[in-house]
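Read the structure below first, then the notes.
Any read-out appearing in this document is the output of simple, stated calculations on the displayed coordinates, not a laboratory observation. This one's a predicted model, so the numbers in the text were calculated from it and none came from an experiment. Glycine also receives a Cβ, built like all others from the backbone with ideal geometry; neighbour counts cover every protein chain displayed.
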Amino acid sequence: MTEQNRAEIVVDLDAIAANVAVLRERVDRPLMAVVKADGYGHGLVPAARAALAGGADALGVTVLEEALALRAAGVTAPVLSWQHVPGADYAAGLRAGVELSVNAEWALAEVVAAARATGTTAQVQLFVDTGLSREGATPADWPALVADAVRAQADGDVVVTGLWSHLAYADAPTHPTIAAQVAVFEEATALARTAGLTDARRHLANSAATVALPGTWYDMVRPGVAVYGLDPLGGVAVDRGLRPAMTVRARVALTKRVPAGTGVSYGHTHTTTAETNLALVPVGYADGVPRAGGNRAPVLAAGARRTIAGRVCMDQFVLDLGDDVLAPGDEVVLWGPGDDGEPTAQDWADAVDTIHYELVTRVGGRFTRRYTGTAGVPA
Ligand SMILES: Cc1ncc(COP(=O)(O)O)c(C=O)c1O
């Protein structure tokens, strides 16, 4: 690390491309790489470009701003955006050739108005709620939404390119809700096709379903977390041919020798048991390091895994090294692919009782981000 890299998130673009290639080959059908939430914390545009270099056919984002940022960066691949509120700037999305997910009649009406105002035909995907009770039209509201979409398509205002839904329990592949959601999806998509939406692609599978539930693959899969090399089933990513793309590390800011019985960090929730070396790591919860990691989360430092000593503060945490030695400037790895014995994001998730999704998307703050690899990097 250089002087500028006091604390950095290193993203391996080649790993992102390789993960997409592995998934794409395994499912042998089109793949939409989900790059919402700043590419799950890996950087929206670089992650998108790397995923496309790995063979992704399309990109998925939540909000229009993310889709427009991709277009502004010159990304021309199909992009679907799926979370909008009334008055969303659909016209900007349509001018940028962004596919819009629609889940209510009023939303479709707004898209139709924007299509007319811009003189475009909106590419629309209809989202059915098959049991997650989140985004998506309920099965009760679905026939009316489909009927409106059929009319709008006949009028030339929209073309329905997708019929889709999202699973509640894909990470528990034998859970009975999966078959129930698939049954609702089958019925809803059959209704739409019978009504005339024959060209729309059906898609349902997130990462866990892409890995474990071939019966949900339909016409396209839609993985997110697996693209970044994180095992959607909470296991060991490399066992699935996936490689974690993110490494999080910082340089020691200060070391000190203290006697036995020294209380460490706020509230003295850690007390040294012998004379020992302490090392100060200059990242904290303001940088997205979970406060819950105090006395629980692992790091790799001075060649061994160690647990954070005492509370994680806003800007820093402390390690109790015993007689091992670190010098100011030495590296501490919070998580990475695990190659050198460092913890993985999954290890952190287990330690702080969350999911790796949350860790990689919220780490940031004053970390700088650096990219390695060449996948998708413009020449
Ligand atoms: C609608 C939708 N599809 C796909 C995904 C990708 O999910 P995962 O990261 O579990 O693959 C998400 C992410 O939560 C989502 O909200």
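A few remarks follow.
- Filtered residue count, segment 36-64, keeping only those that are more than 16 Å from the ligand (Cβ to nearest atom) and more than 21 Å from residue 356 (Cβ to Cβ): 5
Here is a yes/no grid of residues against (1) in contact with a Leu (Cβ under 9 Å, 6 or more places away or on another chain); (2) assigned to a helix (DSSP H, G or I); (3) more than 16 Å from the ligand (Cβ to nearest atom):
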site	(1), (2), (3)
174	no, no, yes
186	no, yes, yes
196	no, no, yes
203	yes, no, no
209	yes, yes, no
226	yes, yes, no
250	yes, no, yes
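- Exclusive hit being crowded, with 21+ Cβ neighbours inside 10 Å, at positive phi and either touching a helix residue (DSSP H, G or I) at 6+ places or on another chain (Cβ under 9 Å) or without any contact (Cβ under 8 Å) to a residue 60 or more places away in the chain (or both), set 93, 136, 87, 97: 136
- Pick from segment 228-244, criterion on the phi > 0 side of the Ramachandran plot and surrounded by fewer than 23 Cβ atoms within 10 Å (Cβ to Cβ), ranking: nearest to the ligand (Cβ to nearest atom): 234
- Scanning segment 245-261 for residues that are under 30 Å from residue 323 (Cβ atoms) and crowded, with 19+ Cβ neighbours inside 10 Å gives 247, 248, 249, 250, 251, 252.
- The one condition from (1) surrounded by fewer than 24 Cβ atoms within 10 Å (Cβ to Cβ); (2) within 14 Å of the ligand (Cβ to nearest atom); (3) among the small types (Gly, Ala, Ser) that residue 180 does not meet is (2).
- Test: residue in segment 150-157 that is at positive phi, touching a Leu at 6+ places or on another chain (Cβ under 8 Å) and touching a residue at least 24 places away in the same chain (Cβ under 8 Å): no
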